[in-house]
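Below: one structure, written as structure tokens.
Each reported figure results from applying straightforward, stated rules to the coordinates on display, with no laboratory input. Every value quoted in this text rests on a predicted model; they were computed, and no experiment measured them. Here the Cβ is made from the backbone with ideal geometry for all residues, glycine too, and neighbour counts use every protein chain on show.
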């Protein structure tokens, strides 16, 4: 009798696990993406609350591209070159346009530009290390996205860069643990753009 109870519990556990997997596979293309985009929009609104009007424009432009990058990475595991190029140009143009209003000396523009290159170089180093067999994975789309994020966060402060990147690492790590618990594997790639986007906006919220 104990054996039959154990087998019944095992069967029930397997059925619940299969049902959970089916649920998450259903959520991934639709509800999962919608939740990510809704969170990003909420963070963007919070980030804009305390900022002066000219800088709200930068947050709104950045959020538009971050939403697009997140949707693309979640759906296809890629961030198109045209999107990264448009994001970078958008950040440079907006930052240059803001100089007469909030950066008369050009210090913030210089810091933002240098920050963009520094973050991109750091991401490129991680990408090259990951291509040599380390457990850390970062695609070239993420590297290019890092340049735009560096400009965006560097415009506000170095603290925003540190907070944004640390938040992205923590968020991505949490997602990796959840995925590992559900699928019992860490071999599948995990999109990094959603965590980078959330981390970037958190960096602005907690300036």
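Here are the numbers for the structure shown:
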read-out	value
Additional length obtainable on full extension of the chain from residue 89 to residue 118, 0.36 nm per residue less Cα span	8.7 nm
Listed peptides 52-61, 70-79, 191-200 by packing density, highest first (mean Cβ within 10 Å)	191-200, 70-79, 52-61
FRET E, pair residue 45, residue 82, Förster distance 22 Å, beta-carbon r, rounded to 0.05	0.20
